Amino acid sequence: MVPCPWFPEIADYAKSHPAADFGLHLTLTSERVYYRWGPVAPRDKVPSLVDANGYLHHDWLPETRIDPNDVETELRAQIAAPAPWASSPLISILTRTVFSKPTRISSQSFFASLTK
């Protein structure tokens, strides 16, 4: 997961082992209690994705209001971040989190926009 603190280490390993099967797991939550991470995009560019401490939310509660533009900004930042290490990463995403919550993001239109 790109936002996690140890991402640069595994990305460097992946670069030096090109035959290994690695991919990106995009995430918009930080569900651990003591091991937390913030967004890759600047926090002021994705304010609806962060909690009062500046970390990604533990989970999106029914009352959590996420701005779809913040989602796109953060996911684009996560996709762009590994550019120095990989050229064409396999991408997975927590679709339940992104597409079943009150953001009302259409998965087809969202992924189409990411390929532009």
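Derivation of every value follows stated rules applied to the coordinates shown; laboratory data play no part. Bear in mind the structure is a predicted one, so any value in this text is a computation, not a measurement. Counting neighbours? That spans all protein chains shown, and the Cβs are built from the backbone with ideal geometry, glycine included.
Things worth noting here:
- Amide H contacts under 5 Å for Leu24, placed H, 5+ residues apart: Leu90, Ile91, Ser92
- Asp44-Lys15 FRET efficiency (beta carbon distance; Förster radius 35 Å; 0.05 resolution): 0.70
- Under-5 Å amide H pairs with Trp37, H placed in peptide plane, nonlocal only: Leu56
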